[in-house]
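Input: a single structure, listed below in structure tokens.
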Amino acid sequence: MGFIFSKSMNENLKNQQEFMLMNSRLQLERQLLMQNQMRERQMAMQIAWTREFLKYFGAFYGLAAMGLTVGAIKKKKPGLFLPVVPLSFILAYQYDMAYGSLLQRMKSEAENVLDTEYPVLEMPKGPLTFDGIEKARRAQSKFFIEK
């Protein structure tokens, strides 16, 4: 009689463990999907911000380039045209970020770093551990009394 009861308990325990495993796996998959969707939305907002910034900076650049060019011609001082050069680089960078392939190049370079230069990504003194965090917490805590 005890054997039958024990066998039933073992089966229930096994089923419960399988259910918990599937449940934790489902929860992890949902968390990964949520994190990825949040990352995608943040990237979309960054691209949208860059495109909006480009509109305003483009207008500023156009007015500044025209004003500096007219001023350089009227006053016959070509040095007045000089600020247009760095502004052109900034405009080109913003355009590449908003509509060009800068993000794809950055992604490719990040993958290259992950594949070939992984040691530069390591944390100083190695990864964080529970013991290290607990030691730091104890050192800062005024209420913890160690026996």
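The values are calculated or read from the model by the stated rules, or taken from the named source; none is laboratory data. The structure displayed is predicted, hence computed values, not measured ones. Every residue, glycine among them, receives a Cβ derived from its backbone with ideal geometry; neighbour counts consider all protein chains shown. The protein model used for the area step is the full one, side chains on, heavy atoms only, and it has no ligands, DNA or RNA in it. Shrake-Rupley method; radii C 1.70, N 1.55, O 1.52, S 1.80 Å.
At 0.36 nm per residue, minus the direct Cα-Cα distance, what do Phe130 and Phe19 gain on full extension? Give it in nm, one decimal, please. Mind showing how you got there, number by number?
Numbers: separation 111, 0.36 × 111 = 39.96 nm, distance 2.88 nm.
Contour length minus the Cα-Cα distance gives 37.1 nm.
Given the options Ser88, Ser108, Ser24, state which has the largest fluctuation in a GNM of the chain using a 10 Å cut-off (strictly under) for Cα springs.
Of Ser88, Ser108, Ser24, the most mobile in the Gaussian network model is Ser24.
Quick check: Cα centre of region 12-75 to Cα centre of region 81-139, how many Å?
15
Taking a cut-off of 15 Å between Cα atoms, list the aspartates and glutamates near Lys14, but don't count ones fewer than 8 places away on the same chain.
Within the straight-line limit of under 15 Å, Lys14 reaches no aspartates and glutamates at all.
Keeping every protein chain present and rolling a 1.4 Å probe, give me the accessible area per residue for region 93-147 in Å².
On the way: 5230 Å² over 55 residues.
I get 95 Å² per residue for region 93-147.
Over all pairs of distinct alpha carbons, what does the Kirkwood formula give as the hydrodynamic radius of region 68-145, in Å?
Numbers: mean 1/r = 0.0547 Å⁻¹.
About 18.3 Å, per the Kirkwood formula over Cα pairs.
Running a GNM on the chain with Cα contacts under 10 Å, which residue among Phe19, Phe130, Phe60 ends up with the highest mean-square fluctuation?
Maximum fluctuation in the GNM of the chain, among the listed residues, is at Phe130.
Normalized C-alpha radius of gyration of the chain, against 2.2 N^0.38 Å?
Numbers: Rg = 30.0 Å, N = 147, 2.2 N^0.38 = 14.7 Å.
Cα Rg divided by the expected 2.2 N^0.38 Å: 2.05.
For region 21-82, state what percent of all Cα-Cα pairs lands in each successive 5 Å bin, counting from 0 Å until the bin that includes the largest distance.
Bins of 5 Å from zero give 4, 16, 10, 10, 8, 8, 8, 7, 6, 6, 5, 4, 3, 3, 2, 1 percent of pairs.
Label points 7 Å out from Cα along the Cβ direction at Ala139 and Gln31: separation in nm?
Simple spin-label model gives 2.9 nm for this pair.
Tally up the carbon and sulfur contribution to the accessible surface of region 1-120 as a whole percent, 1.4 Å probe, everything protein left in place.
Working: 6840 of 10380 Å².
Summing carbon and sulfur atoms, their accessible area is 66 percent of the total for region 1-120.
Could you identify which residue out of Glu11, Glu122, Glu109 has the top mean-square fluctuation in a GNM of the chain using Cα springs shorter than 10 Å?
Result for the chain, Cα springs under 10 Å: Glu11 fluctuates most.
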